[in-house]
1. Could you give the Stokes-Einstein D for the range 20-168 in µm² per second, using the C-alpha Kirkwood radius, 4 °C, 1.567 mPa s?
2. Considering lysine pairs in the chain that are 8 or more places apart or on different chains, how many have Cα atoms under 24 Å apart?
3. By average Cβ neighbour count within 10 Å, what is the ranking of 196-203, 291-298, 102-109 from highest down?
4. Let me spell out the model: positive unit charges on the Cβ of Lys and Arg, negative unit charges on the Cβ of Asp and Glu, origin at the Cα centre of the chain. What dipole size does that give, in debye rounded to 20?
5. Based on the mean of other Cβ atoms within 10 Å per residue, sort peptides 260-273, 177-190, 230-243 so the most packed one is first.
6. Of the beta bridges DSSP finds with both residues in the chain, what % are antiparallel, to the nearest 5?
7. When you count, for each residue, the other Cβ atoms within 10 Å and take the mean per peptide, how do 76-88, 356-368, 128-140 rank with the highest first?
8. Can you pull the percent of the range 264-344's accessible area that's carbon plus sulfur, 1.4 Å probe, other chains left in place?
Amino acid sequence: MPIINRIAEFQADMTAWRRDIHAHPETAFEEHRTSEVIAAKLAEFGLEVHRGLAGTGVVGTLQGSRPGGRAIGLRADIDALHIHEKNEFEHASRHEGRMHACGHDGHTTMLLGAARYLAETRNFAGKVHFIFQPAEENEGGARRMIEDGLFSKFPVEAVFGMHNWPGLPPGTFAVRPGPMMASFDIFEIGITGKGAHAAMPHEGVDPVVIAAQVVGALQTIVSRNAHPLESAVVSVTQIHGGDTWNVIPDEVVLRGTTRAFKPEIQDLVERRMREIAENICAAHGAKMSWRYERRYPPTINTERETETAAAVLAEIVGSENVRRDVLPSMGSEDFAFMLQKKPGSYVWIGNGGSANLHNPGYDFNDEILPIGASYWARLVERVLGG
Ligand code: NI
C-alpha cells in the first residue's frame, strides 16, 4: 500500500504550511510563532492541545475510534538554525540570520499532516501523542520536555522519530536497529605556559608548541586506544592563542567535539583526552584547565520497534526502497534522550539531491511530505491496530 490517497489530497496544504514555517524560522526555545501555528492547526483538526512543555513545546493528543489503554508518541522537532539563508525563492527566510537548514519545517509539517488524517479516520485503539519538540539544535529540547514531565503527563509505550536525509533519494527510507546517530560531547582545554619575547623562547613556556603536540596526540585515542572495530571521533575545531608576530602568548585554548556510539567509548575518549593533555602539559611545565560536557547521548533504536517501523515503511515505498544496511551517522540528535526513556525507532526519509543539512543552500523537499505523513499514519494504525 503506497502513499495514503487522502494524505496526497492535502499535499498542496502541507506545502503551504511547510513554506510558511520555512519563511519564519525560530531558534531554540524561541519558537513562539511556530508553536502558535502548530497548536492552532492541531486544535482545528480536533486534537486536545497541551502547551508549555520546554516552553515552546506542543503536544497534541488524539483518541482512536476504538477503546484501548495503549499509547505511542510521534515526535517532530520544530526549531531552526543560526544560519543566513542563501536561497532566493519566495519562501526563503524572512528572519535575518536564522534558517530552517535542517528540515525541521518539513518534519513539523509531516507530523501535522498525519495528525489531520488520523483525526479524520481515527482507525486505531488507544491514544497517539503528537510531540512537537523545540530546540533540537544544541540545546537539548527533548531533555527539557522530559524534565518537564513529557512521559509522566503523556505515558507512552514507545516513541518514534524521523529525520530527512539529503543524498537518499525521495521515496526511500533508511533505518537500522542499534545506533543510528552518535553521542555529542564538547571539550575545552586551556594550556597556560609563560609568555616571552618570541626571540627568547628559553625564557618562557610556549603554549603554542604544547598545544600543537596535544592536538596531534589526541588523534591517537581513536587510532591507538579505541578498539579498531569501535567508532569514535575526536575533532579539535578551535585553536585560540597569541596576538602578534613576535610574542609568545601566555595561554592557548583548544575546543572541539567528540562522537561515539557507546558510553564505554565515550568514557575512554574523555579519560584519555584528559590524561594526554595533562601529561603533555606537565612534561613542558605548563598548566592545564579542563572542561568536558556530555551534550547528547547516542541515538539507539530498539530492535522490536525498528522491525515494526521497517515493515510499515516497506508498505509505503516497497521493501527495496527501505535501506537496512546504512552506516549510522556520526552526527547527533537529541531524540536520543527520548530513546533513553522509551523503546522506539528513528528513521531517515530520503530528501533527494538537495544541499546538505546545515548548509545555507538547503531546502526540505516538499515532494516527500505525503510520504512521511503516510508513514506516521500507517505506523499508528499498525502499532495501535488492535
Ligand atoms: Ni535536524
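The values are calculated or read from the model by the stated rules, or taken from the named source; none is laboratory data. A quick note: this is a predicted structure, and the numbers were derived from the prediction, not measured. Here Cβ is always computed from backbone atoms with ideal geometry, including for glycine, and neighbour counts include all displayed protein chains. Keep in mind that these areas ignore ligands, DNA and RNA; they rest on the heavy atoms of the full protein, side chains included. Shrake-Rupley method; radii C 1.70, N 1.55, O 1.52, S 1.80 Å.
1. Values: Rh = 15.6 Å.
Answer from the Stokes-Einstein relation: 83 µm²/s.
2. 10
3. Values: 196-203: 11.5, 291-298: 17.1, 102-109: 27.1.
Descending packing order for the listed peptides: 102-109, 291-298, 196-203.
4. Details: 38 positive and 49 negative charges, 222 e Å.
Around 1060 debye, computed over the chain.
5. In decreasing order of mean packing, 260-273, 177-190, 230-243 become 177-190, 260-273, 230-243.
6. Details: 45 of 68 bridges.
Here the antiparallel bridges make up roughly 65 percent for the chain.
7. On the way: 76-88: 20.4, 356-368: 17.8, 128-140: 24.9.
Highest mean packing first, the order is 128-140, 76-88, 356-368.
8. Details: 1860 of 3960 Å².
Carbon plus sulfur share of accessible area: 47 percent.
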